[in-house]
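Novice: One structure coming up, written as structure tokens, with questions to follow.
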Amino acid sequence: MVMLEHSGQFLYADLVSGGANRPIWSRKQIEQVIGYILVAPLLCWMLVVLIYPIFSLLALSLTNTRIIGAPASFIAAENYVATLQSAPFWASVARSLVWLLGNIFLGTVVALAAALLLRQSWLLARHARVWILLPWVIPTVAVSVIWQWMLNTNYGVINIALQHLAITSAPLNIFGSRQLAMVGVIVANTWHWFPLSAVVMFGAMHNIPADLYEAAQIDGANSWQQFRHITLPSIEKVLFALGLVGGLWTLNVFDTIYLITRGGPSDATQTLPVLIYDTAFKGQRIGLAAAMSVVAICLLAALATLYARIAAPKEE
Amino acid sequence: MTISPLNALLRWVVWAALVFLVVGPIYWVVSASFKETAEIIRPVPTLWPHRVVFENYAYLFTSTKYPRYLLNSLIVAAATMMVTTAITTIAGYAIYRLRVWGADWMSRAILLIYLAPTTLLLVPIYSLLAAVGLVNTLAGLVIVNVAFASPFCVWLLRGFYEAIPISLHEAAEVDGAGPMTIFWRIYLPLLAPGIGTIVLYAFIYSWTEFAFASQLIVTDGLKTLPMGLGALVGSYYINWGLLMAGASLATLPAVLLFAIVGRYFVRGLTSGAVIG
Amino acid sequence: MSELQIRDVHKKYGVLEVIHSISLDVADGEFIALVGPSGCGKSTLLRLIAGLEEITSGEISIGGRAVNRLAPKQRDIAMVFQTYALYPHMNVEDNMSFSLRLAKVGEKERQERVGKAAEILGLQPYLKRYPRQLSGGQRQRVAMGRAIVRDPAIYLFDEPLSNLDSKLRVAMRSEIKENHQRLKTTTVYVTHDQIEAMTMADRIVVLNGGRIEQVGAPLDLYDKPDNLFVASFIGSPAMNFIEGTIRGGDFLAADGTAIPVGFSLPGDGRPLQLGIRPEHLRLSAEGIALYVRTIEPTGAETLIHGTLAGVPVAAIFRERIAAQPGQSITVSLDVDKTHLFDAATSMRI
Ligand SMILES: Nc1ncnc2c1ncn2[C@@H]1O[C@H](COP(=O)(O)OP(=O)(O)OP(=O)(O)O)[C@@H](O)[C@H]1O
Ligand SMILES: [Mg+2]
């Protein structure tokens, strides 16, 4: 038998021990204290860099600050009045909605199709589950180069192909046209972000038990019916969440648009974030930009609530 | 089950379309970066470089600030990655395993925060950093990137923590380990795939970040890649070869990291616990 | 000295009380089995002893030392989990020596102790393997090994064999028993398998709904169950119960059948339950009719399910029986093996 000098081998005077093995703090309390020390960095970071700015945004929006650091005075709700009466503001709200709907529609269709392919079990599909994320991995600035090149008026492969197929007679100046520029940035942004949705959708489909499909096959359901009655209902929740998260993220997209068109031509792709950015740093009207941000956040919250009301999957 | 020839053909066509969609644009730009300028702007494009040249890359490194931008981006991304990984991993442990009081509440608040409209906070965050003298520093950029990358990382970690049986934690406690020893000796080794996931996310977040970098940094020598390259895009005369070499090279570090930990990232995204 | 004392322990989860005032003394070196139906609080009680859960009120002491507020690591206990909880990223040797390394035991002594434990458990060939490379039985042994190297004051087992197939279970059962006889360490062993409890334990604690129903040596529980719950819980197939009253020396079942039991109880007409184990029914030429529904011959004995005095019963006979389902046989009761319980209080009379 293995002998020890004393059976108290595993007793040790904790730092917190009040002597004679009677700790002042119990195990749960020690865990709590350590736990709070461990979350503290994250919580402080969030408080300082995210929560505090939300309040200072409110404060800024009530001043006529033009440049950060310059003296400014309190002007009450003037910025809000200006925002709500500003035609460019509402025009960019409308453009943001077009941008949102375009991305959601195109993104969901492409991602859903890709997710269905990823679900296949052969080698290519299994590798594709990882490598499909490539467009997402690529930095946005490279995405902007890629699509500006692909959609270039004179040398762009897409214009050349369109003309060869005799779909268009003259090259399209996509990012120079007020109508087409929006389509162009939506295509580029969809290409950048659809892989993430595709993988999440695939994950949801992957977790559907196979016997559901087997049962449906025995009942004589065809592929479409299986998709309609098994796949879709099973990923309904994920689709809803993706719509919410993806929608909010899409509305916040600034870099793709700004890097490709700077909001142009003239203001054709100036969505809300672009307008706010320009107002703050080009127009040097920080106070006004802050008010626009606050109004934008309220609009986002309203939209998200509306979406949740309408589209939330019903609990059985 | 047998597949009819028509179905097999259809399957190949659909897959080809997907591969084309994902890889095509990337190939198009990367291959063009090895072409001579004359070949790049030929009316009928060439499918691959007929003469492989490195002049675009050479020019990038000798005549532009690109190397400096690359280095700055690497510094910011590496720092963001390390800080984010450190603070979210320990926070995840406290929230999902030690279950500190209010853990559920925190976990929900973090979910909400990661919906936060980042660009809309540009103005107040800028003024905050200006107040403490961190505008026009790489450190300021790191601070912002960590804040925006962290919520999603905590949320990604949840599934990885929950996949580790609580009985391992208890067994280690009985074996004589305290909370921190358990974290180091039990959780960290088992969490490796989860850490790979957040390392990737934090790196990529910082690597592509443009909005804050473009305002916070003024000095040319401190700019990161998205700004440096972005400045080239917007200029009146566009040297496409240079631009495409720059874009290709900017892609490389992210893709290399992805090749190593991409599998874990996908597992993190698809592991059931994703939404909710 | 490593006796375990549990004094009036309560455990609440929120408002839900799952352990109601449990008191128990376990002597040094004793092997105690905790049994009871699922959800009765066996694991909870074990985890309270281990310190993985905090007790709501009461006191637990180990070796005469109150441990209420001590962390598991300070209690000098070792625990074997139902799922084994082996560290997947450590090989067998590291799994077993983890606690020793944490306690800063020297390299040489560590190897010695792990070697000793590995020898006892026949694990030497596997020391460098990882848990995923082991069979279920081997994993179980590593979990035991991890406990043995510690040489703790108390071993705690939570259904350690329930993930093994039945053959391995029997083998491991005797291994654990042998180990206990060799090490003589106080052991608390949770199981839902009463055969395990009966064969291994010095004493069995029957829990029900967070309360102790009875504590006693295995055969005492079998022969003299304190109440209806223990009587029906211990023994397989379970004891048969017949409702009725005592009338003039006989037991008068609810359907009117008179069953001679040889008691001389005052026939005060209280409702009673008569208990008789299946193996204590005998074939006899004249007696009570047992209406046969199924017959299950196993070779050594014959198990009959049927109806006696209007209630379903099971009976085990050494003899082979030619009766067919639907027929009746006549049986008598072993009068000194019958049990009587008060139907109102469920207590033994
Ligand atoms: N963390 C908890 N919170 C709330 N209730 C709990 C918790 N843990 C256990 N319980 C409840 O306490 C009771 C006892 O649980 P316990 O796990 O001790 O049962 P058990 O006897 O081990 O059962 P089994 O044989 O199924 O393992 C159960 O009703 C259970 O639902
Ligand atoms: Mg249990």
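The values are calculated or read from the model by the stated rules, or taken from the named source; none is laboratory data. Remember, predicted model here, so these are calculated numbers, not experimental data. Don't worry about glycine lacking a Cβ; one is built from the backbone with ideal geometry, like all the others, and counts go over all protein chains shown. Only protein heavy atoms, including side chains, enter the accessible area calculation; ligands, DNA and RNA are left aside. Shrake-Rupley method; radii C 1.70, N 1.55, O 1.52, S 1.80 Å.
Novice: Kindly report, to the nearest 10 Å², the accessible surface of C:Thr298 as traced by a 1.4 Å probe over protein heavy atoms only.
Specialist: The accessible area of C:Thr298 comes to roughly 100 Å².
Novice: Here is a follow-up. Which percent of the accessible heavy-atom area of chain B goes to carbon and sulfur, probe 1.4 angstrom?
Specialist: Numbers: 7920 of 11140 Å².
In chain B, the share of accessible area belonging to carbon and sulfur is 71 percent.
Novice: Which FRET efficiency value, to the nearest 0.05, do you get for A:Asp219 and A:Ser73 by plugging their Cβ-Cβ distance into 1/(1 + (r/R0)^6) with R0 = 56 Å?
Specialist: With R0 = 56 Å, the Cβ-Cβ based efficiency is 0.15.
Novice: With all protein chains present and a 1.4 Å probe, how do B:Glu36, C:Glu107 order by accessible area, largest first?
Specialist: Ranked from most to least accessible, the order is C:Glu107, B:Glu36.
Novice: With every protein chain left in place, what is the accessible area per residue of region B:63-270 in square angstrom, probe 1.4 Å?
Specialist: Each residue of region B:63-270 exposes 32 Å² on average to a 1.4 Å probe.
Novice: At a probe radius of 1.4 Å, what is the per-residue accessible area of B:Arg68, in Å² to the nearest 10?
Specialist: That residue has around 100 Å² of solvent-accessible surface.
Novice: So which residues in region C:144-174 end up with at least 50 square angstrom less accessible surface once the other protein chains are there, compared with the chain by itself, probe 1.4 angstrom?
Specialist: Flagged in region C:144-174: C:Arg150, C:Asp151.
Novice: Please list C:His192, C:His339 in order of solvent-accessible area, largest first, computed with a 1.4 Å probe with all protein chains present.
Specialist: C:His192, C:His339
Novice: Non-local amide H neighbours of A:Thr63 (under 5 Å, H modeled in plane, Pro and chain starts lacking H): which ones?
Specialist: Excluding prolines and chain starts, which carry no amide H, the hits are A:Ile75.
Novice: Still on this structure, I have one more. Ignoring ligands, DNA and RNA, what percent of the accessible area of chain A is carbon or sulfur (1.4 Å)? Show your work: numbers first, answer last.
Specialist: On the way: 10000 of 14950 Å².
Roughly 67 percent, rounded to a whole number.
Novice: Here is a follow-up. What whole-number value in cubic angstrom gives the convex hull volume per residue for the C-alpha atoms of region B:63-270?
Specialist: Taking the convex hull of the Cα positions in region B:63-270, it is 142 Å³ per residue.
Novice: Quick one: which residues, 5+ away or cross-chain, put their amide H under 5 Å from the amide H of A:Arg285? H built at 1.01 Å from N.
Specialist: Long-range HN contacts for A:Arg285: A:Ala280.
Novice: What's the carbon and sulfur percent of region C:237-346's accessible surface, probe 1.4 angstrom, rounded to a whole number? Provide the component values of the computation, followed by the final result.
Specialist: Numbers: 2890 of 5450 Å².
So the carbon and sulfur contribution to the accessible surface is 53 percent.
Novice: Here's another thing I want to ask about it. Probe of 1.4 angstrom, ligands and nucleic acids ignored: what's the accessible area per residue over chain A, in square angstrom? Present the calculation step by step, with values, prior to reporting the outcome.
Specialist: Details: 14950 Å² over 316 residues.
I get 47 Å² per residue for chain A.
Novice: Return a whole-number percent for the relative contact order of chain A, with Cα pairs under 8 Å and 6 or more residues apart as the contact set.
Specialist: Working: 311 pairs, mean separation 80.6, N = 316.
Computed value for chain A: 26 percent relative contact order.
Novice: At a cut-off of 30 Å², which residues of region B:184-214 become less accessible once all protein chains are present than in their chain alone, using a 1.4 Å probe?
Specialist: Residues of region B:184-214 that lose at least 30 Å² of accessible area once the other chains are added: B:Arg185, B:Ile186, B:Leu190, B:Tyr201, B:Ile204, B:Thr208, B:Phe210.
Novice: Rolling a 1.4 angstrom probe over the protein chains, ignoring ligands and nucleic acids, what is the accessible area of B:Phe54 in square angstrom, nearest 10?
Specialist: 130
Novice: Here is a further query. With all pairs of different alpha carbon atoms counted, what Kirkwood hydrodynamic radius in Å does the protein assembly as shown show?
Specialist: Computed over the protein assembly as shown, the radius equals 33.7 Å.
Novice: Give, ordered by residue number, each residue of region C:107-133 whose 1.4 Å probe accessible area is reduced by a minimum of 50 Å² on adding the remaining protein chains to the chain alone.
Specialist: Those residues are C:Arg113.
Novice: Label point 7 Å out from C:Asp165 along Cα-to-Cβ: which residues of region C:120-150 have amide N under 14 Å?
Specialist: Under 14 Å, as judged by backbone N against the label point of C:Asp165, lie C:135-138 of region C:120-150.
Novice: For C:Asp334, C:Asp202, give the ranking by accessible area with the largest first, probe 1.4 Å.
Specialist: C:Asp202, C:Asp334
Novice: Per the Debye formula with a single identical scatterer at each Cα and no solvent contribution, what log10 I(q)/I(0) holds for region C:177-326 at q = 0.12, 0.19, 0.20 Å⁻¹?
Specialist: Values returned for q = 0.12, 0.19, 0.20 Å⁻¹ are -0.65, -1.20, -1.25.
Novice: Further question on the same structure: To the nearest hundred square angstrom, how large is the accessible surface buried between B and A, total for both chains, probe 1.4 angstrom?
Specialist: Chain pair B/A: roughly 8200 Å² of buried accessible area.
Novice: Per the Kirkwood formula on distinct C-alpha pairs, the Rh of region C:240-342 is how many angstrom? Mind showing how you got there, number by number?
Specialist: Values: mean 1/r = 0.0721 Å⁻¹.
One decimal place: 13.9 Å for the Kirkwood radius.
Novice: Output needed for chain C: three equivalent-ellipsoid semi-axes, defined as square roots of 5 times the C-alpha gyration tensor eigenvalues, in descending order, whole Å.
Specialist: So the equivalent ellipsoid measures 46, 25, 15 Å along its semi-axes.
Novice: Over chain C, what is the relative contact order in percent, taking alpha-carbon pairs closer than 8 angstrom and at least six residues apart? Display every interim value, and only then the final one.
Specialist: Values: 716 pairs, mean separation 53.6, N = 349.
Relative contact order of chain C: 15 percent.
Novice: What is region A:111-249's relative contact order, in percent, from Cα pairs under 8 angstrom and six or more apart in sequence?
Specialist: On the way: 99 pairs, mean separation 36.4, N = 139.
Relative contact order, region A:111-249: 26 percent.
Novice: State, in square angstrom and to the nearest 100, the accessible area buried between chains B and C, both chains counted, probe radius 1.4 Å.
Specialist: Numbers: alone 16030 and 16560 Å², together 30960 Å².
Separately minus together, B and C give about 1600 Å² buried.
Novice: Skip the ligands, DNA and RNA, and give the accessible area per residue of region C:1-51 with a 1.4 Å probe, whole Å².
Specialist: 38
Novice: From the convex hull of the Cα coordinates of region A:136-266, what is the mean projected area in square nanometres?
Specialist: The directionally averaged projection comes out at 10.7 nm².
Novice: Still on this structure, please answer the following. Determine the sum of side-chain charges near C:Arg132: Lys and Arg each +1, Asp and Glu each -1, restricted to other residues whose C-beta is under 15 angstrom from that of C:Arg132. Write out the running numbers ahead of the final one.
Specialist: On the way: positive: C:Lys128, C:Arg129, C:Arg139; negative: C:Asp94.
Once all neighbours under 15 Å are counted, the net charge is +2.
Novice: Step through the residues of region B:239-247 one at a time and calculate ³J(HN,Hα) from phi using the Karplus curve (6.51 cos²θ - 1.76 cosθ + 1.60, θ = phi - 60°), rounding each to whole Hz and writing x for Gly and Pro.
Specialist: 8, 4, x, 5, 4, 6, 5, x, 5
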